[in-house]
Amino acid sequence: MTPEKYSANYNNFYEFSTSKTVLPEAAALKTKPWIIKIDGLVEKPFEIEVEELIRKMGLEERLYRHRCVEAWSMSVPWTGFPLAKLVALAKPASGAKYLQMQTFMDKAVAPGQRSFIYPWPYTEGLTMAEAVNDLAFMATGVYGKPLANQFGAPIRLAVPWKYGFKSIKSITKISFVEARPKTFWEGLQSAEYGFWANVNPAVPHPRWSQASERVLGTDQRVATLIYNGYGEQVADLYKGLEKERLFV
Ligand SMILES: Nc1nc2c(c(=O)[nH]1)N[C@H]1C(S)=C(S)[C@@H](COP(=O)(O)O)O[C@H]1N2
Ligand SMILES: [Mo]
């Protein structure tokens with residue numbers, strides 16, 4: 001949904017971001033219990049209910065910049081835990097090179113999934129090195145409250161140095177795999193939304209510039225920063241990968 005539609009319905013981001021304000025389109029999603037499956041190249045595949053996972057992982061808060069591929073941005077105060085902790089819990093085998101994440105598939109809950117044009121369910125992926133970087137975050141809340149359904153309840157990814165579409169919502173499965181997984185948008189339109197999708201002002205989207213961004217809630221456009229300003233923490237992840245399309 002576009003920021004314009006949100007702001008037409010709600011006074012501010014705080015109001016629509018809290019659990020009190022579930023959008024009618026997202027109300028049918030039942031998040032209790034919520035089972036997450038961990039499988040693939042791990043010591044032993046398992047399933048875990050999200051409340052139990054949160055008890056094991058603990059919660060912390062992170063204020064992250066969020067940069068949409070469509071050139072708008074905002075800051076988001078997430079609650080959650082580093083993805084690295086979940087990777088440690090999963091005990092991946094040495095052959096595991098990537099994480100593939102998947103959301104639920106339920107056409108009654110998400111009528112958009114009835115469309116055959118899209119390769120539902122939504123999937124995303126990260127390299128193991130990206131997943132264990134301290135910035136990669138599993139969010140369970142925002143603005144100090146549990147995520148509202150429309151924001152990816154009960155658990156979603158936040159990778160702030162990448163364009164927002166990488167941050168898959170309502171995760172039900174994480175598979176540790178050897179080959180690079182095909183992501184949802186890559187399958188549809190790889191020229192515009194690739195696997196890496198790192199923020200870079202110097203690499204335009206095929207249909208618009210990424211040089212600057214509109215800051216939601218203000219009239220400002222500001223210059224976009226490489227890796228969305230997180231280069232010090234993540235630039236090293238891409239050494240030796242210069243031949244890849246790192247910024248689309
Ligand atoms: N599970 C899931 N996560 C997802 C998506 C999706 O379709 N399903 N879409 C992605 C894209 S392309 C965008 S723009 C945002 C949309 O988030 P919004 O509905 O809060 O605007 O979620 C991202 N994460
Ligand atoms: Mo999107």
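List of remarks:
- Pairing residues of the range 194-214 that are closer than 10 Å to Phe247 by Cα with residues that are buried (at least 20 other Cβ atoms within 10 Å of the Cβ) and of a type in the set (Asp, Glu), at Cβ distances under 8 Å and at least 6 apart in sequence or on separate chains, gives Gly194/Glu186; Phe195/Glu186.
- Each residue in the range 38-87 was checked for being within 16 Å of ligand 1 (Cβ to nearest atom) and of a type in the set (Phe, Trp, Tyr), and 3 of them qualify.
- Comparison of Gly141, Gly187 shows that the only residue that is out of contact with any His (no Cβ under 9 Å at 6 or more places or on another chain), modelled with pLDDT under 95 and outside any loop (DSSP other than H, G, I, E, B) is Gly187.
- Lys169 falls short on exactly one of the conditions (1) open to solvent by 50 Å² or more (accessible area, probe 1.4 Å); (2) away from ligand 1 (no atom under 15 Å from the Cβ); (3) in a loop (DSSP other than H, G, I, E, B), and that condition is (2).
- Screening Lys32 against (1) exposed (fewer than 14 other Cβ atoms within 10 Å of the Cβ); (2) modelled with pLDDT under 55 leaves a single unmet condition, (2).
- Unmet requirement for Ser75, which otherwise passes all of (1) open to solvent by 30 Å² or more (accessible area, probe 1.4 Å); (2) in contact with a Pro (Cβ under 7 Å, 6 or more places away or on another chain): (2)
- Residues being of a type in the set (Val, Ile, Thr) and either open to solvent by 60 Å² or more (accessible area, probe 1.4 Å) or touching a Lys or Arg at 6+ places or on another chain (Cβ under 7 Å) (or both) - total across the range 89-121: 2
The values are calculated or read from the model by the stated rules, or taken from the named source; none is laboratory data. Note that the structure is predicted; figures quoted are calculated from it, not measured. Backbone-built Cβ (ideal geometry, glycine too); neighbour counts: all protein chains shown. These accessible areas exclude ligands, DNA and RNA; they are computed on the full protein's heavy atoms, side chains included. Shrake-Rupley method; radii C 1.70, N 1.55, O 1.52, S 1.80 Å.
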